1. Restricting attention to segment 11-28, does a residue exist that is of a type in the set (Phe, Trp, Tyr) and either in contact (Cβ under 8 Å) with a residue 24 or more places away in the chain or touching a Cys at 6+ places or on another chain (Cβ under 9 Å) (or both)?
2. In segment 83-98, which residues are free of Cβ contacts under 8 Å to residues at least 60 places away in the same chain and assigned to a helix (DSSP H, G or I)?
3. Determine whether segment 47-57 contains at least one residue that is basic (Lys, Arg) and under 20 Å from residue 99 (Cβ atoms).
4. Restricting attention to segment 93-129, and to residues there that are among the basic types (Lys, Arg) and more than 30 Å from residue 42 (Cβ to Cβ), which single residue is modelled with the highest pLDDT?
5. List the number of the failed condition for residue 30; all other conditions in (1) over 23 Å from residue 104 (Cβ atoms); (2) of a type outside the set (Asp, Glu); (3) surrounded by 14 or more Cβ atoms within 10 Å (Cβ to Cβ) hold.
6. Assigned by TED's automatic domain parsing to the domain that holds residue 43, in contact with a Pro (Cβ under 9 Å, 6 or more places away or on another chain) and at pLDDT 85 or above: does that describe residue 90?
7. Looking only at segment 62-82, count how many residues are on the phi < 0 side of the Ramachandran plot and part of a loop (DSSP other than H, G, I, E, B).
8. If you go through segment 8-55 one residue at a time, how many are of a type in the set (D, E, K, R) and in contact with a Leu (Cβ under 9 Å, 6 or more places away or on another chain)?
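The values are calculated or read from the model by the stated rules, or taken from the named source; none is laboratory data. Being a predicted model, the structure only gives us computed values, none of them experimental. Cβ placement follows ideal geometry from the backbone for every residue including glycine, while neighbour counts extend to all protein chains displayed.
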Amino acid sequence: MPLILIPLALLALPLIEIGVFIWVGGEIGVWPTLALVVAGVLVGSLLLKRQTLSTLRAAQTEARAGRVPEREIVHGAMIALAGILLILPGFVTDLFGLLLFLPPVRDFVWQRMRSRIVVVGPRGRRDAPYRQPGPEVIDLSGGEFRRRDGAADSPWTALDGPGEDPNDRGPRTLH
């Protein structure tokens, strides 16, 4: 999608919403229109809570199985977007929000977007298992590093500078 369409859509959406408000208000009246807007917010809040929890459980199941929960992550993002759309006042945003709460619609959107989105596992590898045996931690003692004054890139450096023996660094511990 060309980037010029985003500002145009953001400008057109409120105008469309106002037009739909006027049309619905003319058909059913002001108070029923306002009641529908409030009902949309309440239904959106309830759906958001329910579907977020179910998507979180599915993502945890995938992660425990050692797979990257890419579908669940994207579905969770779409559910969050659906909740935002339902909380915004307006019938057009409510329609799109309700559609995003339907799993078949989310699956359709995910299949269309899948080629453009890459969900990666640990260490930036797409094929890496989601869970590693443990994090790699290098524990340095006080004598294994020193502070460089005025260093712009990093305040810490290894002790293998000029005149220092790189083999004499003391014990290293991997946890």
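1. Yes - at least one qualifying residue is present in segment 11-28.
2. Across segment 83-98, the qualifying residues are 83, 84, 85, 86, 87, 94, 95, 96, 97, 98.
3. yes
4. In the first step, residues of segment 93-129 are kept if they are among the basic types (Lys, Arg); the result is 106, 112, 114, 116, 123, 125-126.
Keeping just the survivors that are more than 30 Å from residue 42 (Cβ to Cβ) gives 112, 114, 116, 123, 125-126.
Values: 112: 86, 114: 81, 116: 76, 123: 55, 125: 53, 126: 54.
The qualifying residue modelled with the highest pLDDT is 112.
5. For residue 30, the failing item is (3).
6. Here the answer is yes, as residue 90 does meet what is asked.
7. Qualifying residue count for the region: 4.
8. 1
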